[in-house]
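K.L.:
Input: one structure, supplied below.
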Amino acid sequence: MPQTPKLSPQQKLIIVEKILAGETSRQAAAKSAGVSVTAVRQWLRIYEAEGPDGLAPRTTSRHLTAEEKQAAVAAYLAGEGSLFDICKKYGIRSTQNLQKMVETVQAGGTLRGYHGASRHKGTAYTTAADREKIVRECLQNGCDYGAAALKYNVDYKALVRWVGQYRAGGAAALHDARHSSEGTSRAKGRERTVPPMQRLVIVLDCLENEKNYGAMAQKYAVAYHQVYRWVQRYLRDGWRGMNDKRGPTDDPGPEGEWATEADAEAWVKNCPGVPKPLPGMLRRAGCSWVVIAGILFDLARM
């Protein structure tokens with residue numbers, strides 16, 4: 001199939017001016033230029049609406065708002081003009097675009113304004129649970145992929161793929177099987193020393209999330225193998241496994257300050273350097289406040 005020749009703005013302008021001067025017809029101009037009559041009609045409409053400059057390539061695209069699209073479709077359906085006439089009135093460059101808008105409305109769809117999200121490349125890390133939440137919300141909002149992509153900072157194309165996977169296989173299809181446990185087994189993390197208290201936070205969080213080592217590696221910016229090793233130490237040695245030297249020093253603790261549960265809870269609350277989520281995690285793991293106070297005291301000395 002022969003390709004349509006690409007004409008320069010000057011060549012288009014010459015053709016348009018000849019037609020407007022009555023020197024040639026649209027059909028004859030299209031035939032001599034090797035283009036379709038529809039293309040010639042489009043050049044005429046653009047010339048009439050924007051002048052000669054409209055035939056030059058655009059450096060930036062003009063995008064219609066949702067209201068402008070709705071008004072154009074309403075005008076066409078009300079019989080105010082042909083596709084060509086309505087495109088000219090509302091600055092729509094292609095009759096095919098207007099036809100698609102009309103078909104969308106007639107099918108019960110919604111016309112949305114352009115917000116640039118179709119090229120959005122989000123950077124947010126997501127688990128299967130996150131993806132399910134985003135997909136459900138997107139479906140509830142009429143599959144407004146762009147709005148959801150911008151709201152959750154996820155890749156637009158990835159979101160479209162998640163919706164398709166969810167429709168085909170439900171929530172189970174949103175699990176990313178390319179890597180182990182929703183993260184990447186190759187995650188390197190940052191080169192840094194992680195304090196024992198923070199290690200315990202990561203371990204307890206990992207256990208609460210069904211040993212999702214990959215997700216924890218991404219969440220806390222540590223290496224995958226470190227998370228795995230800390231969890232195994234915790235399961236074998238308890239909280240003492242958070243120390244590379246296997247335990248604190250032999251300095252006695254201030255047990256008198258946490259003789260009761262209330263005293264221990266108050267001491268833990270005022271204990272400096274404790275990660276905020278750690279006491280709650282230890283409580284969910286079944287530890288009493290007295291035990292938590294002892295653990296935190298020992299961890300602080302590691």
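K.L.:
When the residues of the range 31-51 are narrowed to those that are surrounded by 15 or more Cβ atoms within 10 Å (Cβ to Cβ) and of a type in the set (Lys, Arg), which ends up modelled with the lowest pLDDT?
P.N.:
Here the answer is ARG45.
K.L.:
Right, something else. Provide a single number: the residues in the range 5-27 that are free of Cβ contacts under 8 Å to residues at least 24 places away in the same chain and open to solvent by 50 Å² or more (accessible area, probe 1.4 Å). Even if it seems obvious, please write down each step before you answer.
P.N.:
Within the range 5-27, the subset free of Cβ contacts under 8 Å to residues at least 24 places away in the same chain is 6, 8, 10-11, 14, 17-18, 21-27.
Still in the list and also open to solvent by 50 Å² or more (accessible area, probe 1.4 Å): 6, 10-11, 14, 17-18, 21-23, 25-27.
Total meeting the criteria: 12.
K.L.:
For the range 162-189, give me the residue count where each residue is modelled with pLDDT of 55 or more and more than 20 Å from TYR220 (Cα to Cα).
P.N.:
14
Yes/no per residue for (1) in a helix (DSSP H, G or I); (2) under 18 Å from CYS87 (Cβ atoms); (3) touching a helix residue (DSSP H, G or I) at 6+ places or on another chain (Cβ under 7 Å); (4) at pLDDT 85 or above:
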{"site": "MET1", "(1), (2), (3), (4)": "no, no, no, no"}
{"site": "THR4", "(1), (2), (3), (4)": "no, no, no, no"}
{"site": "GLN11", "(1), (2), (3), (4)": "yes, no, no, yes"}
{"site": "ILE15", "(1), (2), (3), (4)": "yes, no, yes, yes"}
{"site": "LYS18", "(1), (2), (3), (4)": "yes, no, yes, yes"}
{"site": "GLU23", "(1), (2), (3), (4)": "no, no, no, yes"}
{"site": "ALA29", "(1), (2), (3), (4)": "yes, no, yes, yes"}
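K.L.:
Could I ask something else about it? What are the pairs with Cβ atoms under 9 angstrom where one residue, in the range 89-102, is farther than 15 Å from ALA75 by Cβ and the other, located anywhere, is surrounded by 18 or more Cβ atoms within 10 Å (Cβ to Cβ) and at pLDDT 80 or above? Sequence gap at least six, or different chains.
P.N.:
Partner pairs satisfying both residue conditions: ARG93/CYS87; SER94/CYS87.
K.L.:
Tell me, which residue of the range 202-218 that is at pLDDT 85 or above, part of a helix (DSSP H, G or I) and open to solvent by 30 Å² or more (accessible area, probe 1.4 Å) is farthest from TRP239 (Cα to Cα)?
P.N.:
For the range 202-218, the residue satisfying everything is GLU208.
K.L.:
Residue pairs, Cβ under 8 Å, 6 or more apart or interchain, first in the range 219-236 and touching a residue at least 12 places away in the same chain (Cβ under 8 Å) and among the small types (Gly, Ala, Ser), second open to solvent by less than 50 Å² (accessible area, probe 1.4 Å) and in a helix (DSSP H, G or I). List them.
P.N.:
Cβ pairs passing all conditions: ALA223/ALA217.
K.L.:
Shifting gears a bit: Where the second residue is of a type in the set (Asp, Glu) and open to solvent by 10 Å² or more (accessible area, probe 1.4 Å) and the first is within 15 Å of GLY241 (Cβ to Cβ) and lies in the range 196-217, which pairs have Cβ atoms under 9 Å and are six or more apart or on separate chains?
P.N.:
Partner pairs satisfying both residue conditions: PRO196/ASP244; PRO196/ASP298.
K.L.:
Going by the conditions given, is LEU159 more than 27 Å from ALA217 (Cβ to Cβ) and at pLDDT 75 or above? It would help to see each step written out before you state the result.
P.N.:
Details: more than 27 Å from ALA217 (Cβ to Cβ): no; at pLDDT 75 or above: yes.
Answer is no for this residue.
K.L.:
Output the number of residues of the range 254-273 satisfying the condition of being assigned to a helix (DSSP H, G or I) and either closer than 15 Å to ASP298 by Cα or at pLDDT below 85 (or both). Break it down stepwise before answering.
P.N.:
From the range 254-273, those assigned to a helix (DSSP H, G or I) are 255-258, 261-270; that's our starting set.
Now drop any that are not either closer than 15 Å to ASP298 by Cα or at pLDDT below 85 (or both), which leaves 255-258, 264, 267-268.
Residues flagged as assigned to a helix (DSSP H, G or I) and either closer than 15 Å to ASP298 by Cα or at pLDDT below 85 (or both) within the range 254-273 amount to 7.
K.L.:
Just for the range 119-147: of the residues that are polar (S, T, N, Q) and within 15 Å of LYS157 (Cα to Cα), which one is surrounded by the fewest Cβ atoms within 10 Å (Cβ to Cβ)?
P.N.:
Filtering first and then ranking leaves THR123.
K.L.:
Which condition number does ARG192 fail, the rest of (1) farther than 21 Å from ARG301 by Cα; (2) modelled with pLDDT under 85 being met?
P.N.:
Unmet condition: (1).
The values are calculated or read from the model by the stated rules, or taken from the named source; none is laboratory data. Source: prediction; values computed, not measured. Glycine also receives a Cβ, built like all others from the backbone with ideal geometry; neighbour counts cover every protein chain displayed. Accessible surface is based on the protein model in full, side chains and every heavy atom, while ligands, DNA and RNA are left aside. Shrake-Rupley method; radii C 1.70, N 1.55, O 1.52, S 1.80 Å.
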